[in-house]
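Below: one structure, written as C-alpha cells.
Just so you know, all these numbers are worked out from the coordinates, no wet-lab data involved. This one's a predicted model, so the numbers in the text were calculated from it and none came from an experiment. Using ideal geometry, Cβ is built from the backbone for each residue, glycine included, and neighbour counts are taken over all protein chains shown.
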Ligand code: PGA
C-alpha cells in the first residue's frame, strides 16, 4: 500500500533567527518558484509567527512549534491552541524529539496536546522517532508504535494529522537515514495505521521524513514510495535550499 496524500514539506525553524534573518527568509520564500502539488508549511518561533503570517505569501501555511496541553490560563510562558488559532496559524508541530527528550514531554502529554489542538481547529504535524540506542537494540518499531498509539488513543480523527518520522539520531547530526532505512519504517507506520486505525487513514495520511534532509539528498528520499514529504530543520533556514527540497516532489512524479 502506498500513500495517496499530497506531498508535504514543513520547515521547522526551531529557536533560530532574529528579526532581520526572518525578514530575509520570508522574502526568499516569496521569491521562490514552488511546484503546485506540494503543501508547504513553515514553523517560526512563536514571537515571529505574526510577522510571518502577515508577510509570507499565502501559498505557504504557518505552524507553531508547540502548544499548551489544554485551555489557556495561568500557565506562565505557555501559548494556547486558541491563541494560535486567533493569530491565524493553521498548524502546530507536536511531539518533536527535542521536546520529548530535552523538555521531558511524555507520550501521554503529547497525545493530549494533539487532541486539544485538533479540537480547536489546528492541524497537527505529529512527530515520532527512535533514539540511536533504541534502534541498535532493535526497538525502532516498538518505540514508534508506542508513540503512534498515544496519538491514536487521544485524537478524535486522523484527518488533520501529518505524521513526521524523525529518527532522533538523524536530527541535526548530518547523519541522514538512507532512503531504504526511512522507507522501511514509513511502510511499517502505514501498516500500523491500516491495522489499528483504518485502511483509509493508512492511505490518506501523509508520512513525512525528518532528520538531516537537505537540498542534495531530498530527491533520492522522495522517490521512496512511502515517503510523502519532509520535515526540515537546518536546511529550511535557507530559502533556496528549502525551495529545492519542496520541488523534490518532481522526483516523485513519473518522468514526462
Ligand atoms: P534537521 O532537523 O533537518 O536539522 O535534522 C529536522 C527536525 O528536527 O525536524
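Could you tell me which residue of region 10-25 is surrounded by the most Cβ atoms within 10 Å (Cβ to Cβ), considering only residues that are farther than 24 Å from residue 212 by Cβ and touching a helix residue (DSSP H, G or I) at 6+ places or on another chain (Cβ under 8 Å)? Result: 23. Restricting 210, 229, 233, 239 to those that are closer than 14 Å to residue 40 by Cβ, touching a residue at least 40 places away in the same chain (Cβ under 8 Å) and touching a strand residue (DSSP E or B) at 6+ places or on another chain (Cβ under 7 Å) reduces the list to 229. Go through region 206-248 residue by residue and tally those that are within 10 Å of the ligand (Cβ to nearest atom) and either under 20 Å from residue 2 (Cα atoms) or in a helix (DSSP H, G or I) (or both). Count: 10. Here residue 135 fulfils each of the conditions (1) free of Cβ contacts under 8 Å to residues at least 40 places away in the same chain; (2) within 11 Å of the ligand (Cβ to nearest atom) apart from (2).
Report, by residue number, each residue of region 95-121 that is more than 14 Å from residue 151 (Cβ to Cβ), away from the ligand (no atom under 16 Å from the Cβ) and either in contact (Cβ under 8 Å) with a residue 12 or more places away in the chain or within 15 Å of the chain's Cα centre (by Cα) (or both). 120, 121, listed by residue number.
For region 26-40, the candidate set comprises residues that are under 13 Å from residue 252 (Cβ atoms) and surrounded by 13 or more Cβ atoms within 10 Å (Cβ to Cβ); within that set, the residue that is farthest from the chain's Cα centre (by Cα) is 35.
Per the conditions (1) in contact with a helix residue (DSSP H, G or I) (Cβ under 7 Å, 6 or more places away or on another chain); (2) in a helix (DSSP H, G or I); (3) surrounded by fewer than 19 Cβ atoms within 10 Å (Cβ to Cβ), the sole criterion not satisfied by residue 181 is (1).
Confirm whether residue 157 is in contact with a helix residue (DSSP H, G or I) (Cβ under 9 Å, 6 or more places away or on another chain), within 16 Å of the ligand (Cβ to nearest atom), under 26 Å from residue 42 (Cβ atoms) and touching a residue at least 24 places away in the same chain (Cβ under 8 Å). Taking the combined requirement at face value, the residue does not satisfy it.
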